[in-house]
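Have a look at the structure below before the remarks.
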Amino acid sequence: KTVFADGNPKARVMIIGEAPGAQEDIQGIPFCGPSGILLDKMLAAIGLSRAESVYISNTVFWRPPGNRQPSREETSICLPLVEKHIALIGPRLIILSGGTAATTLLNNEVSVSRLRGKFYDYSNIYLPAPIRTAVTYHPSYLLRSPGQKRLAWSDLLLFKKLLEES
Ligand code: URA
């Protein structure tokens, strides 16, 4: 299935993940499988929910066979749609969840561990002004490496602080 978006399109926070997995492909909803359950818990920990305060989409709208990482060609094909999608939603904060979203949107090859912990000004041709953007670990990585949840928690607190200030 095409898996486009979920959550509140009027939300101040837009999360961009990697690509649909098996559950998402069946249901047509982003982050509705195991990593989505963790994502919802992480959001709830800072008072956010996809029903009210978050809008969720992906870097690629179709499941790569066997859950492999999307190729450069696949992310490039979807990128103009993602850029326009961001401009239509106009969030206050963009959270790039995992390396594929970070590499594609920030257009660099730097690891999540080096990109996280600060904010970037994201721009594209459709945006009248840059949008504050941060990078954090993907929930499926946190399910495989629970030791990194401590760092993800400090990222969440940083996002909360920004939202409280703005
Ligand atoms: N992982 C993602 O990056 N996106 C989804 O929608 C599901 C799992």
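Taking only the stretch 15-47 into account, find how many residues are in contact (Cβ under 8 Å) with a residue 40 or more places away in the chain, open to solvent by 20 Å² or more (accessible area, probe 1.4 Å) and either more than 8 Å from the ligand (Cβ to nearest atom) or among the aliphatic types (A, V, I, L, M) (or both).
7
Can you confirm whether Pro130 is modelled with pLDDT of 95 or more, open to solvent by 30 Å² or more (accessible area, probe 1.4 Å) and farther than 19 Å from Ala19 by Cα?
On the way: modelled with pLDDT of 95 or more: yes; open to solvent by 30 Å² or more (accessible area, probe 1.4 Å): yes; farther than 19 Å from Ala19 by Cα: yes.
Yes.
Would you confirm whether or not the stretch 65-82 contains a residue that is near the ligand (Cβ under 9 Å from one of its atoms), touching a residue at least 12 places away in the same chain (Cβ under 8 Å) and crowded, with 19+ Cβ neighbours inside 10 Å?
The answer is no, given that none of the residues of the stretch 65-82 is near the ligand (Cβ under 9 Å from one of its atoms), touching a residue at least 12 places away in the same chain (Cβ under 8 Å) and crowded, with 19+ Cβ neighbours inside 10 Å.
Which residue is nearest to the ligand (Cβ to nearest atom), if the candidates are limited to the stretch 48-58 and must be part of a loop (DSSP other than H, G, I, E, B) and polar (S, T, N, Q)? Reasoning before the result, please.
Keep residues of the stretch 48-58 that are part of a loop (DSSP other than H, G, I, E, B), which gives 48-53.
Remaining after also requiring polar (S, T, N, Q): 49, 53.
Working: Ser49: 17, Ser53: 18 Å.
By that ranking, first place goes to Ser49.
Is there a residue in the stretch 54-62 that is surrounded by fewer than 15 Cβ atoms within 10 Å (Cβ to Cβ) and of a type outside the set (Asp, Glu)?
no
Does Ile94 satisfy the condition of being of a type outside the set (Asp, Glu), open to solvent by less than 50 Å² (accessible area, probe 1.4 Å) and either under 22 Å from Ser49 (Cα atoms) or in contact (Cβ under 8 Å) with a residue 40 or more places away in the chain (or both)?
yes
Give me the residue from the stretch 133-155 that is among the aliphatic types (A, V, I, L, M) and open to solvent by less than 70 Å² (accessible area, probe 1.4 Å) and, out of that set, nearest to Glu18 (Cα to Cα).
Step by step, filter the stretch 133-155, then rank; the result is Val135.
Ala102 versus (1) surrounded by 15 or more Cβ atoms within 10 Å (Cβ to Cβ); (2) over 15 Å from Ser57 (Cα atoms); (3) of a type outside the set (Val, Ile, Thr): which is the lone unmet condition?
(2)
The values are calculated or read from the model by the stated rules, or taken from the named source; none is laboratory data. Just so it is clear, the structure is predicted and the values come from calculations on it, not from any experiment. Don't worry about glycine lacking a Cβ; one is built from the backbone with ideal geometry, like all the others, and counts go over all protein chains shown. The protein model used for the area step is the full one, side chains on, heavy atoms only, and it has no ligands, DNA or RNA in it. Shrake-Rupley method; radii C 1.70, N 1.55, O 1.52, S 1.80 Å.
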